[in-house]
1. Quick one: of 65/123; 135/156; 66/156; 45/130; 65/156; 30/100, which pairs are farther than 26 Å apart, Cα to Cα?
2. Run lengths n ≥ 4 of DSSP H only: what is the helix-derived mean residue ellipticity at 222 nm for the chain, with -39500 (n - 2.57) per run over all residues, to the nearest 500?
3. For the stretch 1-71, what number results from the quotient of the Cα radius of gyration and 2.2 N^0.38 Å?
4. Excluding residues fewer than 8 places away in the same chain, name every one of the aspartates and glutamates whose C-alpha is closer than 20 Å to that of residue 143.
5. If a/c stays under 1.5 just call it rounded; otherwise compare a/b with b/c (prolate if a/b is bigger, oblate if not). Do that for the stretch 32-116, with a ≥ b ≥ c from the square roots of the Cα gyration tensor eigenvalues.
6. Work out the length of the dipole vector of the stretch 30-164 about its Cα centre, built from +1 on the beta-carbon of each Lys and Arg and -1 on the beta-carbon of each Asp and Glu, and round it to the nearest 20 debye.
7. Convert 4 °C to kelvin, take the viscosity as 1.567 mPa s, use the Kirkwood radius over C-alpha pairs of the stretch 73-164 as Rh, and evaluate the Stokes-Einstein diffusion coefficient in µm²/s, rounded to a whole number.
8. Please report, in debye to the nearest 20, how large the charge dipole of the stretch 9-109 is about its Cα centre when each Lys and Arg carries +1 at its beta carbon and each Asp and Glu carries -1 there.
Amino acid sequence: MASDADPEIQAGEQALSALDYPEAYKHFDKAAKADPKNPVAWFGKAEAALGLPQMEGEDILACYKKAVELEPEHPQFLEALASFSMDLGRFNEAEQFYNKAADVDRENAAYYWSEFAVNYRAKAPVVMEKFLDDKTKDMIAQKALSYALKAIDLTKDDAKRLLQ
């Protein structure tokens with residue numbers, strides 16, 4: 001079933017593929033207004049907003065969340081929301097969304113877990129810099145490592161055995 005938003009979504013996707021973020025945002029915004037229940041319009045709006053330096057992170061996050069609210073089983077929407085949550089330093093939310101993506105897309109679960117592991121290990125120390133003592137560093141490394149092991153389907157005991 002075609003929606004009033006479809007021409008705007010197509011124009012937005014075309015502008016986005018040409019890296020014309022302001023034009024893409026304009027089209028996706030019109031699409032979201034024309035059909036507020038269209039998750040692709042909200043997702044496109046978030047993706048286009050990433051290329052607009054004046055956009056607030058919270059506004060982008062709200063667009064991703066709206067897309068996921070409208071289509072909660074869409075792994076691409078979940079992964080993008082997880083990744084952006086990670087960028088904002090919202091690690092618990094990122095973990096939740098990566099796990100949800102892994103639940104709905106079991107075939108690619110290892111990808112979502114490994115992405116969480118690598119990004120958490122890289123970004124958490126930067127965000128938590130003020131509180132970064134040895135205990136916190138260890139906590140970050142342990143969590144990242146547990147997800148990396150999960151991604152390659154290896155238990156802690158097997159990893160220890162293999163590393164000796």
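Here, each number is a calculation from the coordinates, and none is a lab measurement. Not measured: the values here are computed from a predicted model. Neighbour counts are summed over all protein chains in view; Cβ atoms, including those assigned to glycine, are modelled from backbone coordinates with ideal geometry.
1. Result: 66/156; 45/130; 65/156; 30/100 exceed 26 Å.
2. Helix contribution divided over all residues of the chain: -24000 deg cm²/dmol.
3. In units of the 2.2 N^0.38 Å rule of thumb, it is 0.98.
4. Result set, ordered by chain and number: 79, 87, 93, 95, 103, 115, 129, 133, 134, 153, 157, 158.
5. oblate
6. Roughly 160 debye, rounded to the nearest 20.
7. 96
8. It works out to roughly 280 debye.
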